[in-house]
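This report refers to the structure that appears directly beneath it.
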Amino acid sequence: MPHLEISDLITVTDPRSGARLPVHRGEVVQRLREAGDRRAARIVAALPADRHDVLDPFAVDRLMIGVHTELQRLSEELRLGERLVHVLGPLFEAVRATATGPLRLVDVGSGLGYVVRWLAAHGPLGPEVELVGVDLDAALVGEADRLARAEDLDCRFVHGNAFDLPEAATVYVSTGVLHHFRGPDLAEFFRAQAASPALAFCHFDIAATRLAPVGAWVFHRTRMRHPLGRHDGVASARRAHTDETLLHAAAAPGMRPLLYEPRGLANPFCTTLRPIIGVRPELEAPLRRALGRAARRLVGPEQLVGAAR
């Protein structure tokens, strides 16, 4: 049976226009039941809907903002900002050797903008890097923008498709987004970046280990109050892509795919998120130099079999 996340089913937008689409509660409940997830079906059945059984968009927005606020607390506990900079710092060092013009980091599916706001607050990438968060969920973008203004941060948030921005990204990033793409959609996600002017991407997602669902259950059970957040946290871990799947999907023309800390090189008790990186071929050597000793943790598709032994 497929593992479905409730949040993917109750918030649906047109990927091009960003327009909110109506969601019928009964259809979502039925889909979850058919997937064998009666607990998730009960959670959705309890959500408010109008007389046509369309989920109340305002109630859904409040719920999603609340769940993402709790997710931000998890990001803080996991020191997500420091983990990203450990890789993004060397990546931007390599990019600076090639890039001309402004440098722009675009966070795909930025949610409440924790990553962008953390980078803006701490400035580890330098003042010349523009920080942009993009999400298809207008409510989350609005809240991210409100938080950034309240914190007086130099960054911005856009409601829409990250690959349709008028200004090209230098580096695309994301955290906890990849497992939402299934089948051909995952490869298409990477192809869109390879076809853009971007020089690199760096996407952090859950490491597919046997311990991941257990760890997700513990974290979300103790740190999240709403049943939806608890459910989706574990479902995310169960949907995590394998190292092989990520490297295969990321091998888009014009990009060199590299995985940081594959299973064979990582401690499963300590691994939570790890990045799949893509760089233009000429940037691989500068990236490895910038990483220094940590470059040993970086493997390409041809090295993965040996690293997994």
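List of remarks:
- Working note: 222 nm ellipticity from helices only, DSSP H runs with n ≥ 4, each -39,500 (n - 2.57), summed and divided by the residues of the chain, gives -14000 deg cm²/dmol to the nearest 500.
- Spin-label model, ARG238/ASP53: points 7 Å from Cα along the beta carbon direction are separated by 2.5 nm.
- Taking Cβ atoms as reference points and 10 Å as the exclusive limit, the residues near ALA121 contribute a net charge of -2, counting Lys and Arg as +1 and Asp and Glu as -1.
- Using the average count of surrounding beta-carbon atoms within 10 Å as a protection proxy, the listed peptides 294-300, 167-173, 15-21 rank, highest first, as 167-173, 294-300, 15-21.
- For the chain, relative contact order (Cα pairs under 8 Å, six or more residues apart, normalised by length) works out to 17 percent.
- Across segment 6-60, C-alpha contacts under 8 Å between residues 6 or more apart give a mean separation that, scaled by the residue count, equals a relative contact order of 33 percent.
- Extended-chain gain in nm, criterion 0.36 nm per residue less alpha-carbon gap, GLU167 and ARG38: 42.0 nm
- Each peptide in 178-190, 44-56 receives the mean, over its residues, of other Cβ atoms within 10 Å, and ordering these scores from highest gives 178-190, 44-56.
- R0 of 45 Å, Cβ-Cβ distance HIS226-ALA295: FRET efficiency to nearest 0.05: 0.65
- Highest average packing first - 194-207, 243-256, Cβ atoms within 10 Å: 194-207, 243-256
- Net charge, ARG73 excluded, C-beta distance under 13 Å - Lys, Arg +1, Asp, Glu -1: 0
- Spacing of the two label points (7 Å from each Cα toward its C-beta) at ALA121 and HIS24, in nm: 4.4
- Length released on extending from ARG16 to ASP154, taking residue separation times 0.36 nm less the Cα-Cα span: 47.0 nm
- Share antiparallel - DSSP beta bridges, the chain, percent rounded to 5: 50
- For the chain, the convex hull spanned by the alpha carbon atoms encloses 131 Å³ per residue.
- Extension gain from ALA45 to ARG210, taking 0.36 nm per residue of separation minus the Cα-Cα distance: 56.3 nm
- Cα convex hull volume per residue for segment 6-60 (Å³): 75
- Total formal charge among the other residues, if their Cβ is under 12 angstrom from that of LEU136, Lys/Arg +1 and Asp/Glu -1: -3
Any read-out appearing in this document is the output of simple, stated calculations on the displayed coordinates, not a laboratory observation. The structure displayed is predicted, hence computed values, not measured ones. In this analysis, Cβ positions are derived from the backbone assuming ideal geometry, glycine residues included, and neighbour counts consider all displayed protein chains.
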